[in-house]
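Participant: Submitted below is the structure of interest, expressed as structure tokens.
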Amino acid sequence: MLNLLWLQSGGCGGCSMSLLNAESPDVLTLFENAGINLLWHPSLSEATGDECIAMLEGILVGDIILDILCIEGSMMTGPMGTGKFHIMGGTGKPMIEWVKALADIARYTVAVGSCAAYGGITAAGANDTDATGLQFDGEMAGGLLGKDFTSQSGDQVVNIAGCPVHPDWVTETLMSIALGEHNDEQLDKFGRPRMYADHLVHHGCSRNEFYEYKASAVDMGDRGCMMENMGCKGTQAHADCNSRPWNGQGSCTNGGYPCINCTAPEFEEPGHSFCQTPKIAGIPVGLPTDMPKAWFVALAQLSKAATPERLKKNAIAEQLIYPPTIHKRKG
Amino acid sequence: MSRIVAGPFNRVEGDLEITLETGEDKVQRAEVNSPLYRGFERILLGHKPMDALVYTPRICGICSVTQSVASARALADAMGLGMPKNGELCTNLVLASENITDLITHFYLFFMPDFARDTYAGASWFDDIQGRFKATAGSAAAQMLPARADFLHLMGLMAGKWPHTLSLQPGGVAKAIEPKERMRLLAIVAGFKRFLESTLFGDSLTTISQLKSEAELWQWYQQKPWQSSDFRRFLHVAEVQQLHQLGRATDHFLSFGAYGAIDDPMWAAGSYRNGQTSPLEIARIVEDHSHSWMSDSDYPHPPAQGITQPTLDNEAGYSWCKAPRLGQEVVEVGPLARQVVNGHPLMRDMISRHGGNVLSRVVARLLEVAIVVGQMEQWIKQIDPTAPFCHHGEMPAEASGVGLVEAARGALGHWLEVKNGKISNYQIIAPTSWNFSPRDQHEQPGALEQAVVGAPVLSGEKTPVSVQHIVRSFDPCMACTVH
């Protein structure tokens, strides 16, 4: 059995809530079958207060082995480096001190969500709490633990980025650790598990036909492609949200709104309004990943010229107003 | 008199610490500390108003949709924008989906596991309750988690995902429901209803929602063995352990009104005390910083002119949470407050006998589950897939707006000010800010601080189990509290 400890700091708890959405099977069944023993989780465990502190101290003195340390939420280093924006309840000690001490002895350290990975939403705006990630501060390696940090296994922090994370991203990463198959090779250059981060949100997007013909939405709720006007970053965002649905059959684009690239460091400050595409001379600034600009512009012009009437009309409507034409085999 | 610093409190959302002074085997005094500050009100400053719809749901992963709705309402108010009927219905459904999910999560995962503690090993009911509700190991979680996940398919369909959707907009919803999806929604709710009726209640939702008095509740309870459903299990424990005697606070209740149109909610807005209902007076709401780690601690702040400037220099401070007050009064919010303000006969009867307490808070929560899930089917049927779902508008360069909503755990308000096309002030008062506030300038303790006074402390207890029941009976969300 692998012992897993889960702590939360400067976040919203949404990654834990998302974890509870795991299905086929539920998260408790999955952990049990993966051989993961939950030492403590803030939403699930019985131990409170003194019982919890005794367990944490047991880990620090080596009585309890810590195989996997999962951290959710940003690391609150302010004010002035003191960590006092989050003193862990009942302990009088800043959470960043607990995390540093525990990460030092954990076999694997896992950042769950973009806050723990990179700072995330909590680091938005002026960031006057000095929120940062475990091993990244935005795109820069470093963060609370420093760029050279390795866990006892010799591996860097695993960044299961997302706001929130998909439950399967967490459970599958933990399963691969439990199977002994995890190492740094499994991560991309932002530390994200490649199992889900080697895909683009664009893959499997149900609006792909609109994308092909550049039939674009102009208002929230329109059916068309949201890349040209609505700020959608699905063609650049590393995640499998449209090939592995959320909550049964959902995804951001299926829910009627653009991908905001929440698995990327610094997604929280895109430099433009989230739901408006920044453009230069009418051309979107962020082009699809690996697409040469000249070809994109040329193909976009061509496909716009060829847009079928059905897609033009449906793109700017809430409802399907123009169903696909039925072709009879005979006259 | 001895002093206990209890924390970290888990099975609440976020981190929580309570300092207790105990004597004569009872809690004599309490100070509640919300130990995490993130500063959303400052994060929002300078951003485009519509971007609040990205930031505010991320205040909280368990009240995410409610934060979205409050924000969308504040934006709509500032824009002078209304929404079509479909927008209202879909907002109700997404909001209900989150609230019901939270109420169920609270009951099964956060609240009941405390009765499976070894503290209760000698109790007559212990073996059954431990088998059913033991944290991570009980049989109930294994049934509840799949039912919860299936129910949240409604969220996948209507909101893309949960938590953190952008589908809830000032003028309605960004996701129009197609005819096939309307059928699917009915199927999802039917599946969840089956779980509630067979496992949670052991009876029809209608029967539960029509219970009219405490006497009727106990008559219903006695109709079948107490092990026949999870609600009866709870009532049995409550009866034996006398939970109605635990956790009384101010008995002054506040609700912003829930579901339906903003100006015509399904459950009325207002406040209730001593048998009297009063209309909601937003203008009387203030936030007091006297015992918070906040600047400007010498006078109360109406939220529209609120200030959020954290500082550890306030020596009287012991929490990052401000202290919201209605006028100068401490109020309790939550499902019990909602039902009492709206006049549900069962909850009015229960509080007339023993006030707000651990029993009445949990009963109100489950009563809401029964009422709302029944209502969800009606809302789905009323969706017209051929009619509009969203209106669109422009945000003026200078504007202000207020957005009020009821989260699973009570009244939530957003106060927005826009200058030069950007957010110049944004103030949030969350349900647990009300319930778990620190003292105010008149040294009045917050609702929880009052509720735990008198709670029994057993010999050797460092985190008294009675205090745990009381704390969790409020279903606190600490992430929202300070935000």
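Participant: What's the average, rounded to a whole number, of partner chain beta-carbon atoms within 10 Å of each residue's beta-carbon in A:220-231? Numbers along the way, then the final one.
Facilitator: Working: counts 13, 14, 3, 1, 0, 0, 1, 0, 0, 0, 1, 0.
Per residue, the average neighbour count from other chains is 3.
Participant: Kirkwood Rh over alpha-carbon pairs of region A:132-186, then Stokes-Einstein at 4 °C and 1.567 mPa s: what D in µm² s⁻¹, rounded to an integer? It would help to have the intermediate numbers written out before the result.
Facilitator: Working: Rh = 12.1 Å.
Value of D from the Cα-based Kirkwood radius: 107 µm²/s.
Participant: Considering every pair of different Cα atoms, what Kirkwood radius, in Å, is found for region A:2-197?
Facilitator: Averaging 1/r across every pair of different Cα atoms and inverting gives 16.5 Å.
Participant: If you count, for every residue in B:370-382, the Cβ atoms of partner chains within 10 Å of its Cβ, what is the mean?
Facilitator: Across the residues of B:370-382, the mean count of other-chain Cβ atoms within 10 Å is 0.
Participant: From the residues B:Pro324, B:Val372, B:Gly46, which one has its Cα farthest along the dipole of region B:2-482 in the positive direction, the dipole being from +1 and -1 charges on Cβ of Lys/Arg and Asp/Glu about the Cα centre?
Facilitator: Of the listed residues, the answer is B:Val372.
Participant: Next question, about the same structure. Straight-line reach from B:Lys224: which lysines have Cα under 25 Å away, leaving out those fewer than 8 places along the same chain?
Facilitator: Those lysines meeting the cut-off are B:Lys134, B:Lys193, B:Lys212.
Participant: In whole percent, what relative contact order does chain B give with Cα contacts below 8 Å and a gap of six or more residues?
Facilitator: 26 percent
Participant: Tell me the net charge near B:Met183. Cut-off is 13 Å between Cβ atoms, B:Met183 excluded, with +1 for each Lys or Arg and -1 for each Asp or Glu. If you can, show how the numbers build up before the last one.
Facilitator: Details: positive: B:Lys180, B:Arg182, B:Arg184, B:Lys381; negative: B:Glu178, B:Glu181, B:Glu377.
Value of the local net charge: +1.
Participant: Using a simple charge model, +1 on the beta-carbon of Lys and Arg, -1 on the beta-carbon of Asp and Glu, nothing else, what dipole does the protein assembly as shown show about its Cα centre, in debye to the nearest 20?
Facilitator: 2480 debye
Participant: Please work out, to two decimal places, the log10 of the ratio I(q)/I(0) at q = 0.17, 0.19, 0.20, 0.21 Å⁻¹ from a Debye calculation in which every Cα of region A:266-322 carries one identical scatterer.
Facilitator: The calculated log intensity ratios at q = 0.17, 0.19, 0.20, 0.21 Å⁻¹ are -0.81, -0.93, -0.97, -1.00.
Participant: Order of B:Ser473, B:Ser297 from fewest to most other C-beta atoms within 10 Å? Intermediate values should be presented prior to the final figure.
Facilitator: Values: B:Ser473 26, B:Ser297 21.
In increasing order of surrounding Cβ atoms, one gets B:Ser297, B:Ser473.
Participant: How about region B:311-353: which GluC sites (Glu not before Pro) there are in a DSSP loop, with at most 16 other Cβ atoms within 10 Å of their Cβ?
Facilitator: B:Glu315
Participant: Separate question: Report the percentage of all Cα-Cα pairs in region B:132-189 whose separation exceeds 13 Å, rounded to a whole percent.
Facilitator: Tail fraction, whole percent: 67.
Participant: Fewest to most neighbouring Cβ within 10 Å: what's the order for A:His272, B:His236?
Facilitator: Taking fewest neighbouring Cβ atoms as first place, the list is A:His272, B:His236.
Participant: Listing A:Ile71, A:Ile260, A:Ile65 from the residue with the fewest other Cβ atoms within 10 Å to the one with the most, what is the order?
Facilitator: Details: A:Ile71 31, A:Ile260 24, A:Ile65 14.
Neighbour counts put them in this order, fewest first: A:Ile65, A:Ile260, A:Ile71.
Participant: Where the only charges are on Cβ atoms (+1 Lys, Arg; -1 Asp, Glu), what is the dipole of chain B about its Cα centre, to the nearest 20 debye? Don't skip to the end; give the middle numbers.
Facilitator: On the way: 42 positive and 51 negative charges, 230 e Å.
Dipole magnitude for chain B comes out near 1100 debye.
Participant: With N denoting the number of residues in region A:32-116, provide Rg(C-alpha) divided by 2.2 N^0.38 Å, to two decimal places.
Facilitator: Here the answer is 1.11, to two decimals.
Participant: Now for a different question. With n ≥ 4 as the cut-off for DSSP H runs, can you work out [θ] at 222 nm for chain B, using -39500 (n - 2.57) per run divided by the number of residues, rounded to the nearest 500?
Facilitator: -11000 deg cm²/dmol
Participant: Rg/Rh for the protein assembly as shown to two decimals, with Rh computed the Kirkwood way over all alpha-carbon pairs.
Facilitator: Numbers: Rg = 25.5 Å, Rh = 26.7 Å.
My calculation puts Rg/Rh at 0.95.
Participant: Determine the alpha carbon to alpha carbon distance for each of B:Lys180/B:Lys422; A:Lys100/A:Lys233; A:Lys100/B:Lys48; A:Lys293/A:Lys313; A:Lys304/B:Lys48 and list only those over 29 Å.
Facilitator: B:Lys180/B:Lys422; A:Lys100/A:Lys233; A:Lys100/B:Lys48; A:Lys304/B:Lys48
Participant: With unit charges on the beta carbons (Lys and Arg positive, Asp and Glu negative) and the dipole taken about the Cα centre of region A:199-318, which residue among A:Gln301, A:Gly204, A:Gly286 sits farthest to the positive side?
Facilitator: With unit charges placed on the Cβ atoms, the residue in question is A:Gln301.
Participant: Same structure, new question: Please list, in order, the residues from region A:289-312 whose amide nitrogen is less than 16 Å from a point placed 7 Å along the Cα→Cβ vector of A:Thr325.
Facilitator: Of the residues in region A:289-312, A:306-312 have backbone N under 16 Å from the label point off A:Thr325.
Participant: For chain B, state what percent of all Cα-Cα pairs lands in each successive 20 Å bin, counting from 0 Å until the bin that includes the largest distance.
Facilitator: 25, 58, 16, 0
Participant: When only Cα pairs under 8 Å and 6 or more residues apart are kept, what is the percent relative contact order across chain A?
Facilitator: 14 percent
Participant: Related question: Using the Cα centre of chain A as origin and beta-carbon charges of +1 (Lys, Arg) and -1 (Asp, Glu), tell me which of A:Cys115, A:Ser216, A:His182 is placed farthest towards the positive end of the dipole.
Facilitator: So the residue we want is A:Ser216.
Participant: Can you list the aspartates and glutamates whose alpha carbon sits under 13 Å from that of A:Lys214, skipping same-chain ones fewer than 8 residues off?
Facilitator: Once the sequence-local aspartates and glutamates are set aside, what remains near A:Lys214 is A:Glu228, A:Glu309.
Participant: Hey, another quick one. Loop-only check: which GluC sites (Glu not before Pro) in region A:112-215 are DSSP coil with at most 14 other Cβ within 10 angstrom?
Facilitator: On the way: sites: A:Glu139, A:Glu172, A:Glu181, A:Glu185, A:Glu209, A:Glu212; in loops: A:Glu139, A:Glu181.
Here the GluC sites (Glu not before Pro) that fit, given the DSSP loop and packing criteria, are A:Glu139, A:Glu181.
Participant: What is the Cα convex hull volume of chain A when expressed per residue in Å³? Spell out each step's value before the answer.
Facilitator: Values: hull volume 53.2 nm³, N = 331.
Given the Cα convex hull of chain A, per-residue volume reads 161 Å³.
Participant: Then there's this: What longest range of chain A stays clear of loop-exposed trypsin sites (Lys or Arg not before Pro) (DSSP non-H/G/I/E/B, at most 12 other C-beta within 10 angstrom)?
Facilitator: Between the exposed loop sites, the longest stretch runs A:1-146.
Participant: Continuing with the same structure: Can you give the average number of partner chain beta-carbon atoms within 10 Å of each beta-carbon in peptide B:136-146, as a whole number? Intermediate results must be reported in sequence, preceding the final value.
Facilitator: Working: counts 10, 3, 1, 0, 0, 6, 4, 1, 2, 9, 6.
Mean inter-chain Cβ contacts per residue within 10 Å come to 4.
Participant: Same structure again: Tell me, for chain B, which Cys residues have no other cysteine's C-beta sitting closer than 4.7 Å.
Facilitator: Cysteines of chain B left without a disulfide-compatible partner: B:Cys90, B:Cys321, B:Cys390.
Participant: How many Å³ per residue does the convex hull of the Cα positions in region B:425-483 occupy? Display every interim value, and only then the final one.
Facilitator: On the way: hull volume 5.5 nm³, N = 59.
Hull volume over Cα atoms, normalised by residue count, gives 94 Å³.
Participant: Cα convex hull of region B:321-429: how many Å³ per residue?
Facilitator: 149 Å³
Participant: Might you report the magnitude of the Cβ-based charge dipole of region A:199-318 about its Cα centre, with Lys and Arg at +1 and Asp and Glu at -1, to the nearest 20 debye?
Facilitator: Rounded to the nearest 20 debye, it is 380 debye.
Participant: Of all the Cα-Cα pairs you can form in region B:171-255, what percent are over 20 Å apart?
Facilitator: That tail contains 56 percent of the Cα-Cα pairs.
Participant: Which net charge results for the neighbourhood of B:Met155, defined as the other residues with beta-carbon distances under 15 angstrom from its beta-carbon, given Lys and Arg at +1 and Asp and Glu at -1?
Facilitator: -1
Participant: For region B:137-198 and region B:423-483, write down the distance between their C-alpha centroids in whole Å.
Facilitator: Cα centroid to Cα centroid, the span is 30 Å.
Participant: Another question, then. I need the shape label for region B:9-155. Rule: rounded when a/c is under 1.5, else prolate if a/b > b/c, else oblate, with a, b, c from the alpha carbon gyration tensor.
Facilitator: Here region B:9-155 falls in the oblate category.
Participant: On a straight-distance basis, which lysines could pair with A:Lys93 in a cross-link, Cα separation under 18 angstrom, same-chain partners fewer than 8 positions away excluded?
Facilitator: Counting by Cα, and skipping residues close in sequence, A:Lys93 has these lysines nearby: A:Lys84.
Participant: Further question on the same structure: Mind ranking B:71-83, A:28-40 by how tightly packed they are, going by the mean number of other C-beta atoms within 10 angstrom, highest first?
Facilitator: Put in order of decreasing packing, that is B:71-83, A:28-40.
Participant: What fraction of the Cα pairs in region A:199-318, stated in percent, has a spacing above 20 angstrom?
Facilitator: Result for the distance tail: 39 percent.
Participant: Count charges around A:Asn127 for me, please; just the other residues with Cβ under 10 Å from its Cβ, Lys/Arg as +1, Asp/Glu as -1. Please list the in-between numbers first.
Facilitator: On the way: positive: B:Arg42; negative: A:Asp128, A:Asp130, A:Asp137, A:Glu268, A:Glu269.
Net charge around A:Asn127: -4.
Participant: Enumerate by residue number the GluC sites (Glu not before Pro) in region B:422-472 meeting two conditions: DSSP loop (anything except H, G, I, E, B), and at most 14 other Cβ atoms within 10 Å of the site's Cβ. Each step should come with its number before you reach the end.
Facilitator: Details: sites: B:Glu443, B:Glu449, B:Glu461; in loops: B:Glu443, B:Glu461.
When the GluC sites (Glu not before Pro) of region B:422-472 are filtered for loop state and at most 14 Cβ neighbours within 10 Å, B:Glu443 remain.
Read the figures in this text as sums done on the coordinates, not as results from a lab. None of the values given here were measured: they were computed from a predicted structure. FYI the Cβ positions are ideal-geometry reconstructions off the backbone, even for glycines, and counts take in every protein chain you see.
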